[in-house]
Every structure is written in structure tokens, then in C-alpha cells.
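What follows is a short report on a single structure.
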Amino acid sequence: MFTTNWLRPGYRDVYDVARFQPDFINVNSESGRWGIASYASWGIALLVAIVGALIWGWFDKKRKEYNLLYYWLRVIVRYRAGIGIIGFGFTKLFPVQMPYPSLSNLLTDFGDFTAQKIYWLSIGIVPWYQVFAGIVEVTAGVLLFFRRTASIGAVLLAGALANITFVNFAYDGGVHVYSAYFVLLALFVLWYDVPAIYKLFVLQQYTVPVYHYPAFNKTWQRVSRWTLKWGAFFVFVVLLFYLQWWNYRYDPYKQPVHKAIAGTKGVYNVTEFRLNNKVIPYSPQDSLRWSQVTFEKWSTITYQVNKAVKLDLSNGGGSPKEDIDRNFELAGVAGRRRFFYYEADTTSGTLTLRDKNRSALRKGSTDRPNTKKEKDHPLVWHYERPAPGRIILYGLNDNKDSIYVILDKVDKRYTLSESTIEAGQY
Amino acid sequence: MSGYQRILFRFFFLYFVLQTLPFNFKYFERVPAGIGYRTLFYISRYMPGDNFATWGILAIIALAGTIIWSLADNKNRSYEQLYYWLRVLLRYRLAAGIIAYGLLKLFPQQLPFPSISQLNTHYGDFTAWKLFAISTGIVPSMESFLGLVETTAGLLLLSRRTAPIGAGIILTFTGNVFLSNLAYEGGEYVYSLYLISIALFLIVYDLQRIISLISLQQATAPDPVKPHFAKPWLRYLKIGLKALFIFFFVGVYGVTAFAAYKKAPYQYPVQAGLPAAAGIYNVNEFTINGTALPYSLTDSIRWKDVVFEKWATLSVRSNRTFTPDLSNTEEIYSNDAERNFESAGNASRQFYAYVNDTAKHILYLQNKNKHYKEDRLILHYERPDSSTIVLYNDSLHVVLHKLDKKYPLIIGRRKPLKL
């Protein structure tokens, strides 16, 4: 949080502030990552609170009520929850959190994804639905900023995030703690209104709600309140709206930004494959010969070959800055496919490729962007485009064997409807 | 009620009575006979028509009725009691619809775990609606949770004290269902909007009180209207009807739906398939009319892989796509032949239901896709070893080898995986 450059804010900075959560302890076990033990920090906070409450109670025995303090506590909780959910909401309102599946994802069997990936993709294929979910989240957040609408915002937030918490448990999404954090905050805000709602509707009795609001008598109080309130509104609603729009337009954070070589986007059959100058015929069982290749609209090439690979089991998030670290397209994807980031020199016809799968360098299935990218050696291949729809690649593969590959574009039609909203510039 | 409120009331009264009371007798011809969840499901899903045009016609009839009623009945009558009973009608109509879907999810069979064929179909070869169904199907606990929310909301409607809370939950829940239907190209957007319109009408009644209490934060009086029973026996009639409703739409429905979930869920066929054959098979050899076709990325005749399900269905993938069966509404079929959940929305596999003549070792195949009804095959089979199946007839000879396929979807991602 303190590494933020406050003079030149980018969407990552404001978003990081919105995402702050206390992290006292991480339990190093399966349950500590995926289950109940991952809530250990909450347990510690609870213990500290109980001990603190006992001590406080001892020293503050004469106190009859904490109406004012309770008010301010609700203000803090409301703003914390509101800011956080707006941060999340904007990545959906400008749909970049769950991108539309890449070509290689469309060509992967349903059973070859992890459950987490399935859920993320299932939202990615309906961008307008994602926009709607974003509107709900941002609306909930904005409603929480104002005391007259806070309860409605809290109901929306509790409902939406309880669902997301359950999604994370069911699909092993790994974000179950952070989403439950919002449910907790929302329920705390709502807690105040529950007795009155119960009394009016269930007991059907005349109900007088009691709210304690501090009096802002002095000018400086009114000015500070106004400044803080509308300042937060400006930064997290207006400014973040602009930053996230910019992100959506120019730098959708889960997709690489560099464009593909013009006109290459598509699916290609491997018509001919030579290894050390020997032609290998196609067989789905062959562990050396490629079968299909994709050129994405961004600078990624994938090829399929019947050889097991270590899977990248992260969520594919973490908003990395470099294209090579943007691993959403391969995170949680099996199907024996290799993914390469490339830089093309179109005058000499060379591709410099780097393997995007860094799972060997990752410790577990955590989401940290890798930092050891200097360790891999890029592959350098030549490419030729002798005819429309045909690409020839040749060079040395990662075993230093020479390959010569003829690719022919497939006129592939998908049953799944195309995306109606396109993030980024390609 | 003021003058314009009375006119509005007359309109909505007529409109919603036309929408909910079963005037369209034709609908019930299609409802399967019986007293189980299947029959009740179709009763609970009654609508006078399955398109928005019907709504328009009903609105016009209601408007005409409103004019006549207003002319005939211009006394300053208050419709409080009639309004109350209209809400009762709508609460129960809504509860029946919501609980019927809720219990199909609570005992998760509406969206079952994907079949082997579905696991082995490219993501892009499905319709969005099918992806939505199988994406939810992989997490039965999630489905149960959604069913629990839905069922609870429905039950809350059964008492006037909790009805606004139930209607509020339904607005968000079914609102989400409606948007999902639009987004994923599902076929139940009319019906979900129908349920939403009822929930909206119900919540409008309490809206003023809700806003007054939690937004304006004022002292608020509860709903003053209580049901009036002219004769004591009317009260007993009400209790009896309520008990009957709960008995059928919660009790009988719940018990039979649970029994079906345990014994024979309705989405997949029941008839068992070739014993110990379930799995995906590589097509190692493929000979047609005496010509052996080698592996190919382009040949559209040669098969690439074959799936045998646990039940009597096999599916074939080749280098072509087909016109998919685009069914996108929820149906509870009793016959295997009609159960198309496994095949609908899939464009790259051909699905065959088969009858196994165990004595002669012959499979009689029938294409399940309604667009390929003429596609029938008779195939002899041999099983030289546990992982090989040979299928043949006069023109075709196919050798299948079972693949040891592992799915990250099933193994999970908590430990490192090499696949």
C-alpha cells in the first residue's frame, strides 16, 4: 500500500487500495489455503477483540452507551465495504475480470479445465451479464456511502457476495476469504436495521427506528465531513471509473496487450511436420508431432502435442504488467498445449518466443506473478507466409532439434456466440 | 383508496387473475398424468401463453374489463379485502413456481454433473446455454445452495408476515435467472419475467413502509389490512386450502423429487449401457467400404474418438460439426429416448441411443438429435480385451482403444498436476 505512486495513479494503485485487507497469519496447510483454516486471521482479530473488550470494559465501567462511536464504526465499515466492492465492480462493469475465452480455450475440452477456470470462463462468455454484475456491485458500493441508502446497499452486497463466497468454495476459486470479508462487513451494517424490519413486518407492530447522528455544528466539522465524503466518492467512483475505462480500452489486465502479427489470428492445422528433416505423419498419439496451432489476436502462439505438461494452477490474475506474465489463457487449462509469448521481427521474419508456463518455477498453485523470468532461454524461429492462410515455421525446438512446420488455417466456426464486447485494442 | 388507485386496482386485479388462474385448458393436455413431482412441476409452470404477445392481449382484455367495471361500480368502494385476496392468490402462485424449481436444485438433478461426452467436447462447440448448465452441474453443492435459497424464499411467501422478505429474495434471485436466460440464450426468459412481475406486484404493496423505515428512518405503522372472514367456517376453509397446497407442492413434490434424485434422476437415460465400457476411446483403426482411413486433421468421415456412457448412449466425434439440438427449456421426460440433456447444445458429437442385443452382440443405434432422425446404425461388437472394442458391419470396421483420460475438473487443483 505504501509503494503506490500517488502522483501518477494508475488503475492498479487505486485498485490495490480498494483491495487492502488485514493479513495477520497464513496457515500453511491445505485447509489454510482452501478451507476453514484460511480464516485464521479472522480468529486472531476476534481474540484480540475479546481481550481488548475485557480490558476496555474494566476501565470504562461507567459508560452507558457508545452511540456516537457506534455511528463512526458503521461509517468506517460502510466506506471500507463500499470502496472494496466498487474496486471489484468496475473490473466487471468494464468487463475485464473474466475475459472471453481465447481461441486456445475454445478448442479445449470442457473436462480439461479446472473447476475455477470453468466458472471464470462461464462469466467470460456473457460480457453483458458481467457488466450487469458490475453495475450491481458498484451500485451496492455507492449506496453504502450514504446513510439513508446504506441498508439497501448492505442487502445487495450481502446477497451478491454470499453467492460469490459460495462460488469460491464450490469451484475452489481461492478468493473465499476476501469475498466473505464483504459479507461480514455488510451483515454488520445490516445488523442495526434487522430488529426494526422484524418488528414492522413479522410482528406487524408500530416501529420507531432509532438512529444517532453526531451534530456537525462547527464549520470545520462540516467542511471536513463534506471533503472526506465527496473526496472518497471522487477517488473511488469518478477517478476509478475513468482509470478502469482506460484499462478496459487499452490494457485489459488479464490479456496480453501486444497485437498479433497482422492477419495471423486463427486456428491452424499442422499439415506437415518435420523433425530433424524427417516427416512425421499426424497421429493423436504421437508425443513429438504437433496437431493444431493457434495464433491469438494478441502475441501468443499455442500448439498441441500429445505430451503431458505441468499445469499452471493459478487463477491467472494478479494484474501483472508484462505480457509474458499474463497467464489467464493457460491458468487452469490442460489438454496438452504449450503456450508461448512472442516478439516478431516482421522484416527478417523471425519470432522470439518464450514459454508462458512458469508453473515449474511456482511453489504451489498460488497466484503470485513469477519473478524468475530471466532463467528461460527464448526460442528463435523463422516464419514465412507463402500464401494466404498458410504459415511456415522453422527453427530449433526446446530440445535443440530442428523443426519445420507447415500450418494451414482452418475455417473454424464456433457454436458458442461471439463476444459482443471486446476489451483492448487488437 | 383514491379514485385513480381504484381504477389501477381493477386493472391489475383483472390482469393478474387472467395471468394466474388456469383458463387455458389446452396447457393441461400436455401435463403428464400422475401425482408425482413431474406432474406438479408442469402444473406449477402454468402460464396462459409462452410469449409476451399473450401478456399484451391479457392487458387489453383487462383494460376493457376495467372500463366496464369502473362504469358499473362507481361507488366509493374500497377494495382492501379484494386486494388482500389477490395478493394471497399471487403469493401462492409464485410460491408454487419458485419451490418447484428450488426443490429440483436442492436435490440436485436439474443440472447434473457433465457426462463423459460433455467432458470431451471443445468449449467452443457448445451453446452458451449448455455451458451455463454444465458449468453449474460440476458443483452440486452450489446447486443445492441455490435451491435452498429458492425454496426458502418460496416458503416465506406462504405467510403474509414474511411475504415481503420472500418477494424481495425472489426479485434478486429470479432477476438473476432472467438475466442469465437472456445472456446465455436460455429459453425461459418469459417465464422468469412472469414470476418477477408477480414478485414486483407483491413488493410494491410494502414498498412505502420499507422506504419509510430504513431509508427515511421514520416511525412507521405496519400493514393495517387483515383478512376478514364473514363466517367462521371460511377461516377453516382457508386453513384447509393452505394445508392442501403445502401437502402437494412442498410435501409430495419434495418427497418424489428426492426419491427421483436418489434413484433415477431425470436428465440422463436410465437404461444401462454396455457393461464396464464407460469411457473415452481413441479410434485406432477406421475402415469404410474396404478402405482404411489413416489419422487425419481434415477428413470429415473418419471418426476421431468415441464415448461410451454408463447408460445406453454412445457419442462419436469427427472433424465436422453438426446442427445442434437447441433445446433450452427445462423438461422432465420419462422416456430415455426423449432425454436430450446430454446431447442438446453440442455441435461436435453425434449421440446415439442404443439397444444391446447381448446374445448376438449387436448394437442398434439411433441418432438422438432431432435433426438427424434418419441416422440409424446396426453394429456388431467384439471385446477382445477389457480396453478394446471392435465395432463393425458390412461397410464399417472400427477399432477402439480406451484412453486413460484424467480430468483436472475432477482431480482438483490443490496439488501440482501434470496432464
| note | Per residue of B:180-187, other chain Cβ atoms within 10 Å number on average 3
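Take every Cα pair under 8 Å in the range B:265-316 that's 6+ residues apart, average their separations, divide by the length, and report that relative contact order as a whole percent.
Rounded, it is 47 percent for the range B:265-316.
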| note | When A:L187, A:L396 are ranked with the fewest other C-beta atoms within 10 Å first, the list becomes A:L396, A:L187
| said: I want to check the label-to-label distance for B:Q271 and B:K360. Put each point 7 Å from Cα in the C-beta direction and report it in nm to one decimal. | reply: 1.5
| said: Given axes a ≥ b ≥ c from the Cα gyration tensor, I'd like to know whether the range A:96-228 is rounded (a/c under 1.5), prolate (a/b larger than b/c) or oblate. | reply: prolate
| query | Got a sec? How would B:Y372, A:Y66 order by Cβ neighbour count within 10 Å, fewest to most? | reply | A:Y66, B:Y372
| message | Given R₀ = 60 Å, what would the calculated FRET efficiency be for A:I25 paired with A:R222, taking r from the Cβ atoms and rounding to 0.05? | response | 0.90
| Suppose every K and R has +1 on its Cβ and every D and E has -1 on its Cβ; what is the size of the dipole of chain A about the Cα centre, in Debye to the nearest 20? | 1180
| task | Just subtract the alpha-carbon distance of B:K370 and B:T287 from 0.36 nm times their residue separation and send over the number in nm, one decimal. | result | 27.1 nm
| Of every Cα-Cα pair in the protein assembly as shown, the percent that sits beyond 37 Å | 54
| Mind ordering B:113-121, A:252-260 by average Cβ neighbours within 10 Å, highest first? | B:113-121, A:252-260
| task | Note down the nm distance, to one decimal, between modelled labels 7 Å out along Cα→Cβ at B:V255 and at B:S197. | result | 3.6
| task | Please identify which residues in the range B:285-309 have an amide N closer than 16 Å to a label point set 7 Å out from the Cα of B:L396, following the Cα→Cβ vector. | result | B:285-293, B:300-309
| field | Charge dipole of the range B:3-263 about the Cα centre (unit charges at C-beta), most positive-ward option of B:A259, B:G56, B:P227 | value | B:P227
| field | Computed lengthening from A:D286 to A:Q425, 0.36 nm per intervening residue step minus Cα-Cα distance | value | 46.3 nm
| task | Using only Cα atoms, locate the centre of the range A:272-348 and the centre of the range B:283-337, then give the distance between them in Å, rounded to an integer. | result | 27
| Quick one: if the Förster radius is 30 Å, what FRET efficiency do A:K400 and B:D404 give, using the C-beta to C-beta distance and rounding to 0.05? | 0.45
| In peptide A:100-109, what is the residue-averaged number of other protein chain Cβ atoms found within 10 Å of each Cβ? | 3
| Roughly how crowded by other chains is peptide B:322-334, in terms of the mean Cβ count from those chains within 10 Å of each of its Cβ atoms? | 0
| request: Would you mind ranking B:T287, A:T108, A:T165 by Cβ crowding within 10 Å, fewest neighbours first? | output: B:T287, A:T165, A:T108
| request: Please express the Cα-Cα pair-distance distribution P(r) of chain B as a list of whole percents, one per 10 Å bin, running from 0 to the bin with the greatest distance. | output: 4, 18, 25, 20, 14, 10, 6, 3, 1
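I'd like the FRET efficiency for B:I239 and A:V202, computed as 1/(1 + (r/R0)^6) with the beta carbon distance as r and R0 of 22 Å, rounded to 0.05.
FRET efficiency, B:I239 to A:V202: 0.65.
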| task | Let me have the relative contact order for chain B, percent, based on Cα pairs under 8 Å that are six or more residues apart. | result | 14
| remark: Of B:331-339, B:126-134, A:211-219, ordering from highest average Cβ density within 10 Å down gives B:126-134, B:331-339, A:211-219
| field | Calculated [θ] (222 nm, deg cm²/dmol) that DSSP helices of n ≥ 4 give over chain B, each run adding -39,500 (n - 2.57) | value | -14000 deg cm²/dmol
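Note down the relative contact order for the range B:85-143 as a percent, whole number, built from C-alpha pairs under 8 angstrom at least six residues apart.
38 percent.
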| query | Scanning chain B for helices, which whole DSSP H stretches are 27 Å or more long along the axis (Cα) and average 0.5 or more by Kyte-Doolittle? | reply | B:52-72, B:80-106, B:163-183, B:189-210
| remark: From the cross-link list B:K75/B:K231; A:K92/A:K321; A:K321/A:K412; B:K368/B:K402, the entries with a Cα-Cα span beyond 21 Å are B:K75/B:K231; A:K321/A:K412; B:K368/B:K402
| said: Straight-line reach only, C-alpha to C-alpha below 17 angstrom: list the aspartates and glutamates that A:K307 could link to, leaving out same-chain residues fewer than 8 apart. | reply: A:D109, A:D112, A:D286, A:D355, A:D398, A:D401, B:D404
| Which is farthest toward the positive dipole end of the range A:1-116 among A:A40, A:I86, A:I76, measuring Cα position about the Cα centre, with Cβ charges +1 (Lys, Arg) and -1 (Asp, Glu)? | A:I76
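Each reported figure results from applying straightforward, stated rules to the coordinates on display, with no laboratory input. Model, not experiment: these values are computed from the prediction. Note that each Cβ is placed from the backbone with ideal geometry, even for glycine, and that neighbours are counted across all protein chains shown.
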